[in-house]
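The values are calculated or read from the model by the stated rules, or taken from the named source; none is laboratory data. This structure is a prediction, so every number in the text was calculated from the model and none was measured. Reconstructed Cβ throughout: ideal geometry from the backbone, glycine too, with neighbour counts over all protein chains shown.
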Amino acid sequence: MNNQLQTIQDIIQQIDLLSQSDKDVLMKAIKDADLQFTITEFKLDRTEKVKRTTAILLEETIEELEQKRKAVEDSHEALIKSMEELKATQSQLVHAEKMASLGELTAGIAHEIQNPLNFVKNFSEVNTELIEELKEEITNGDMEEVKAIANDIADNEQKIIHHGKRADGIVKGMLQHSRTVTSDKEPTDINILVDEYLRLAYHGLRAKDKNFNADFKTELDKTLPKIDVIPQDIGRVLLNLINNALYTVSEKSKNNPDNKKYKPLVSVSTKKTNTQVEIKVTDNGNGISGSILKKIFQPFFTTKPTGEGTGLGLSLSYDIISKGHGGKLSVETKENEGTEFIIQIPIITS
Ligand SMILES: Nc1ncnc2c1ncn2[C@@H]1O[C@H](COP(=O)(O)OP(=O)(O)OP(=O)(O)O)[C@@H](O)[C@H]1O
Ligand SMILES: [Mg+2]
């Protein structure tokens, strides 16, 4: 029994004024109190033990959590590192792809530059002759003729300047194409871009394969507003889509040399809808089968023979349209009948 209670009990026993029955009642009350006391003590003791166990468990959990936090931190660092490596690889790949498509473009560009250069050369030759004539007429003293010849020379000079500028523009465009830094968006006439890249793609392919021939059709919406895009990026998308289309129609006609009815056709159309500009590149080539269709936007997926395609064309095009311009690149195809790629770019003008 609890010491204090024992003392109280002893005192009660010694009080003579109390009758035995009163003492019995009090003793019983004290015993009950003692029992309650013991139970409470026991409960307290148990709570204390639970508290201690919980504290130990808590400490262990904290330690475990700390270890996990460290592990997460480590893997986070590893992730950041591999992401940086991935970014570096990606930009190398983008550069490699740009250089590859630059190669494809070179033939087209050479053709484009040849034309203004011919003008420059011819008008310069004519001017050389005119200057000789001019000297003669000065000697003859025929000032009317001198004036007429001088005017002709001046006219030719204007033409030389004009065609020189054209060649300059083409070279500048070529340099822009090979640049790795992302350039700024600028208001762009998509119809002009389509026209330009269609010609570049066609001449590029013709330079590789003289026998190749395909019909081209353009349906360009004259009401198309200028939209803010990165022209050389959209140009790359167009070039890739047109090249893919030309490739499939040329394969189809190579594989069916006896089919006189097959006329390879690649068409490009532009259209303005309420909120966007839509560009469609359509071919009547082989189409894309279901199992391949799922993969065409994956980087490095190609069905072209080794060395002919990197398989990056469509994946880069997809990124340029979606991430670069907030648009959509989708495809509709029917096996053996042909394919249509649809570019949708929201109209945002500055
Ligand atoms: N118009 C199309 N008709 C049929 N198949 C197509 C067409 N466009 C793309 N494909 C298929 O999608 C694949 C991937 O195209 P993508 O442009 O990404 O790479 P690639 O043309 O093979 O190589 P790269 O563009 O790097 O030269 C092609 O290999 C081809 O199988
Ligand atoms: Mg391609």
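Take the conditions (1) over 17 Å from residue 341 (Cβ atoms); (2) touching a residue at least 60 places away in the same chain (Cβ under 8 Å); (3) more than 14 Å from ligand 2 (Cβ to nearest atom); residue 223 misses just one of them, which is (2). For segment 185-220, the candidate set comprises residues that are in a loop (DSSP other than H, G, I, E, B) and free of Cβ contacts under 8 Å to residues at least 40 places away in the same chain; within that set, the residue that is nearest to the chain's Cα centre (by Cα) is 189.
Among the residues of segment 221-249, the one identified as under 19 Å from the mean Cα position of the chain (by Cα) and in a loop (DSSP other than H, G, I, E, B) is 230. Return a yes/no flag: does segment 278-299 have any residue that is aliphatic (A, V, I, L, M) and over 23 Å from residue 255 (Cβ atoms). Yes, segment 278-299 contains at least one residue that is aliphatic (A, V, I, L, M) and over 23 Å from residue 255 (Cβ atoms).
Against the conditions (1) within 13 Å of ligand 2 (Cβ to nearest atom); (2) surrounded by fewer than 18 Cβ atoms within 10 Å (Cβ to Cβ); (3) within 14 Å of residue 214 (Cβ to Cβ), residue 246 satisfies every one except (2). As a summary of the residue check, residue 321 satisfies the conditions (1) β-branched (Val, Ile, Thr); (2) out of contact with any Gly (no Cβ under 8 Å at 6 or more places or on another chain); (3) crowded, with 16+ Cβ neighbours inside 10 Å except for the one numbered (2). Pairs meeting the criteria (first residue in segment 229-258 and within 29 Å of residue 276 (Cα to Cα) and of a type in the set (D, E, K, R), second residue away from ligand 2 (no atom under 14 Å from the Cβ) and not in a helix (DSSP H, G or I), beta carbons under 8 Å, at least 6 apart or on different chains) are 233/182; 233/183. Scanning segment 276-287 for any residue that is assigned by TED's automatic domain parsing to the domain that holds residue 221, surrounded by fewer than 16 Cβ atoms within 10 Å (Cβ to Cβ), of a type outside the set (A, V, I, L, M) and more than 12 Å from ligand 1 (Cβ to nearest atom) turns up nothing. In the set (1) modelled with pLDDT under 95; (2) in contact with a helix residue (DSSP H, G or I) (Cβ under 9 Å, 6 or more places away or on another chain), the condition left unmet by residue 274 is number (2). Candidates 334, 295: the one that is among the basic types (Lys, Arg) and modelled with pLDDT under 95 is 295. Across segment 267-293, the qualifying residues are those that are touching a residue at least 60 places away in the same chain (Cβ under 8 Å) and closer than 14 Å to residue 338 by Cα, and the one among them that is nearest to ligand 2 (Cβ to nearest atom) is 281.
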